[in-house]
Amino acid sequence: MAVQIKFLDNAPSQDTPKYATQGSAGVDLRAAVDEMCIKPSTTAIIPTGISIAVPVGYEAQVRSRSGLAAKHSVIVLNAPGTIDSDYRGEIKVIMTNLGQHDFHINKGDRIAQLVLTQYSSIDFIKVDTLNVTQRNQQGFGSTGIQ
C-alpha cells in the first residue's frame, strides 16, 4: 500500500521512513528538533517534520520504541497514539521520561514507531439488556490471571 508523505521545513531528512527488517510491523519516526532534554517525570511533544495521508479505513499508530523504554524508561505517553485518515498536520510524539535521568534528543534520533492498521467502523444499537455470558459483569482480575 502506498501512503503519501510530506516533508516539512523542519524535517530531519528527506528520507522516507523504512522498515528495519522484512518482518518489521513499524517504521521509525525521527525527531525534528535540534536539541531537547526531557527531565525525569516530565513530558514533551516532539515534532517529526513529516505529515502523511492515511488511507480511509486505516489509522496510523504511534508507539514506543522498545529500546528507549527498556534502556531509558522513555515511552510514548498515549501509546498507541492514533493518526486518523483525515488528519494532515505534522506528526508529533508525546514522550514521557519515567526514568531517573535526563533524556537528550537530537535531530534525527529515532523516537517512536509508526504502524499502519486497518479498522472497521461500527454502528451502535441501543438495547435495554445485553446477552448473558459466563463472565458477565465480573471486572478487573476476574479471570484469575494476575
Next on the checklist: Looking at the structure I just gave you, is G81 under 22 Å from A2 (Cα atoms) and either open to solvent by less than 10 Å² (accessible area, probe 1.4 Å) or modelled with pLDDT under 95 (or both)?
Outcome noted: yes
Checklist entry - For region 60-78, which residues satisfy the criterion of being closer than 21 Å to M1 by Cα and open to solvent by 70 Å² or more (accessible area, probe 1.4 Å)? => result R63
Checklist outcome for this item: Pairs returned, first residue in region 86-110 that is within 30 Å of G57 (Cβ to Cβ), second residue that is open to solvent by 50 Å² or more (accessible area, probe 1.4 Å) and of a type outside the set (D, E, K, R), beta-carbon separation under 6 angstrom, 6 or more apart or interchain, are K92/I45; I94/I45; I94/L77; I94/N78
Checklist entry - Under the condition of being under 20 Å from E90 (Cα atoms), aliphatic (A, V, I, L, M) and free of Cβ contacts under 8 Å to residues at least 60 places away in the same chain, which residue from region 3-27 is most open to solvent (accessible area, probe 1.4 Å)? => result I5
Checklist entry - With region 92-140 as the region, which strands (runs of 3 or more DSSP E) entirely inside it contain at least 1 residues that are of a type in the set (F, W, Y), crowded, with 16+ Cβ neighbours inside 10 Å and touching a helix residue (DSSP H, G or I) at 6+ places or on another chain (Cβ under 7 Å)? => result 103-106
Item to check | Residue match in region 48-59 (condition: of a type in the set (V, I, T), in contact (Cβ under 8 Å) with a residue 12 or more places away in the chain and loosely packed, with under 13 Cβ neighbours inside 10 Å) | outcome: yes
Checklist entry - Got a sec? Which of S41, S51, S73 is over 16 Å from T117 (Cβ atoms), touching a Lys or Arg at 6+ places or on another chain (Cβ under 6 Å) and polar (S, T, N, Q)? => result S51
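The values are calculated or read from the model by the stated rules, or taken from the named source; none is laboratory data. Predicted model only: the values in this text are computed from it and were never measured. Virtual Cβ from ideal backbone geometry, glycine too; neighbours counted across all protein chains shown. Each accessible area value is taken on the protein alone, full model and side chains, heavy atoms only, with ligands, DNA and RNA left out. Shrake-Rupley method; radii C 1.70, N 1.55, O 1.52, S 1.80 Å.
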